[in-house]
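Below you'll find the structure, written out as structure tokens, and then a few comments.
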Amino acid sequence: MQFPGSIKSKLPKTGTTIFSVMSALATEHNAINLAQGFPDFECSAKLVELVNHYMKAGFNQYAPMPGVMTLREKIAEKTQAMYSAIYNPETEITVTPGGTHALYAAISAFIGEGDEVIIIEPCYDSYLPAIHVNGGRAVFAELKYPNYKIDWDEVKKLVTYKTKMIIINTPHNPTGTTLGAQDMQRLEKIVKNSEIIVLSDEVYEHIIFDGVEHQSVARYPKLAERSIIVSSFGKTFHTTGWKMGYVLAPSNLTTEFRKVHQFMCFSANTPVQYAIADYLDDKDAYLQLSAFYQEKRDYFQQLIKGSKFKIMPCLGSYFQLLNYSKITKEKDTDYAIRLTKEYKIASVPTSVFYHKNIDHHVLRFCFAKQKETLEKAAEKLHRI
């Protein structure tokens, strides 16, 4: 059956996300899936018990649209303790069904026809479609390869009277780089005395390495007053399938954000919210996450030393970039497919994170996996 009329796509250049494509290919060819960013180990049994408890206790109907108040209060306490930033649980914190929802709702709430949004590539693949479907125009700055640092002078030159939003991401997906204090200070100067909103994607805030301190925009009052911060419990608690995140923003921005949020989902999963509120009392669950993932990063890097792949710097997130220039000059999209089919290991080509498909011969591998998975993956990489 097919719709008999004509369809004018609002996203004519958008197909199925690369994560779905590579994961499907991994399944088809029985390959180790280091493409899509999810753990292959279990989350906390205590957290599962808490969810089960609240389900059995009857907390199975709609939560309040902004989120369960006890959870919002715990988020406020956590944010103040970590970043010395005070957010009102009633008017400045919203619980969302995942980070991607929060990003889309934030862009939809503020971006209209002709508005310009500066995005820094390579970037997570949901930013650009959300801008386009709302009639906005994306303007691109580029992280400088191979260290993937921002040229803030370049960003400043992109600002016009049409600039409505700048999107940043730290720790960064897909590169694993992080923004430092100087980056935030430069951004603060750029947006000073403007009406530009900063959308800060901080879903990997607790996965940051080598003693580096996460520089949330919440730490910088002049930035925080114009910023929407997106965070993810799915990333933090190894529960990506639960789709649970939250947004921090000043009350005037939160008001507009919620106008869109309420009609996209109304509210997020009720028993999971109550469970996470209780689980946040165990601060080690997120404070020890960096050490947990740094051990995995270090182990994966050690395993692949001596292979023909060049290990790129990784300061945060659970993604490791590997350069394959010494192996082949194939396009990264072609090579990622061949690796999956012939060597049974799936990755993500980084060119798909650029609107012009810039190819540095770099693939992204997820190391949020059990040791056995990483060992099997490394063995395959050494065969190449």
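Quick note: the coordinates plus some simple rules give every number you see, no bench work behind them. Treat the numbers as computed from the prediction; the structure is a model and nothing was measured. Reconstructed Cβ throughout: ideal geometry from the backbone, glycine too, with neighbour counts over all protein chains shown.
A few comments on the model shown:
- Spatially proximal aspartates and glutamates relative to Lys341 (Cα-Cα < 20 Å; intrachain offsets below 8 disregarded): Glu28, Glu330, Asp332, Glu375, Glu379
- Label point distance in nm, Tyr343-Gln61, each placed 7 Å from Cα along Cα→Cβ: 5.6 nm
- Amide N proximity, segment 221-241 versus Thr27 label position 7 Å along Cα-to-Cβ, cut-off under 16 Å: 241
- Take the Cα of Tyr354, step 7 Å toward its Cβ, do the same at Gln262, and the gap between the two points is 4.4 nm.
- Exceeding the 18 Å Cα-Cα cut-off - candidates Lys13/Lys162; Lys344/Lys369; Lys8/Lys164: Lys13/Lys162; Lys8/Lys164
- Under 18 Å from the Cα of Lys329 - aspartates and glutamates, other chains or at least 8 residues apart: Glu342, Asp359
- Spread over its residues, the convex hull of the C-alpha atoms of segment 61-285 is 115 Å³ per residue.
- When Lys46, Lys8, Lys310 are arranged by Cβ crowding within 10 Å, least crowded first, meaning fewest neighbours, the order is Lys8, Lys46, Lys310.
- Stretched out straight at 0.36 nm per residue, the stretch from Lys192 to Asn88 would grow longer than its current Cα-Cα span by 35.1 nm.
- Pairwise label distance in nanometres, Lys331 with Tyr299, each label 7 Å out on the Cα-Cβ vector: 3.7 nm
- Environment charge of Ile120, counting only residues whose C-beta is closer than 12 Å and scoring Lys/Arg +1, Asp/Glu -1: -4
- Listed from fewest to most Cβ neighbours within 10 Å, the set Ile93, Ile276 follows the order Ile93, Ile276.
- Helices in the chain, meaning DSSP H runs of at least 4 residues, each add -39500 (n - 2.57). Divided by all residues, the mean residue ellipticity at 222 nm is -11000 deg cm²/dmol.
- Between the amide H of Glu121 and those of Ala141, Glu142, Leu143, distances stay under 5 Å, these residues lying 5 or more places away or on another chain, with hydrogens modeled in the peptide plane.
- Charge tally for Ser351 (other residues, Cβ to Cβ under 13 Å; Lys, Arg +1; Asp, Glu -1): -4.
- Part-to-part distance (alpha-carbon centres) for segment 70-101 and segment 225-263, which is given in Å: 8 Å
- Around the amide H of Ile345, modelled in the peptide plane, lie the amide H atoms of Ile32, Thr340, all under 5 Å away and 5 or more residues distant in sequence or on another chain.
- Rg/Rh ratio calculated on Cα atoms of the chain (Kirkwood radius): 0.96
- Couplings 3J(HN,Hα) for segment 215-222, derived from phi with the Karplus relation 6.51 cos²θ - 1.76 cosθ + 1.60 (θ = phi - 60°), are 9, 5, 5, 4, 6, 10, x, 5 Hz, where x marks Gly and Pro.
- Candidates Glu188, Glu330, Glu142: whichever shows maximal mean-square fluctuation once the chain is modelled as a Gaussian network with Cα springs under 10 Å: Glu330
- In this structure, Ile311 and Met1 have a Cβ-Cβ separation that, at R0 = 45 Å, corresponds to a calculated FRET efficiency of about 0.35.
- Sorted by Cβ density within 10 Å, fewest first, the residues Leu143, Leu47, Leu158: Leu158, Leu143, Leu47
- For segment 284-305, there are no residues whose amide N sits under 13 Å from a probe point set 7 Å from the Cα of Arg383 along the beta carbon direction.
- Cβ-defined net charge surrounding Ala109, 10 Å radius [Lys, Arg +1; Asp, Glu -1]: +1
- Amide H to amide H, with H built 1.01 Å from N, Thr163 comes under 5 Å of Glu116, counting only residues 5 or more places away or on other chains.
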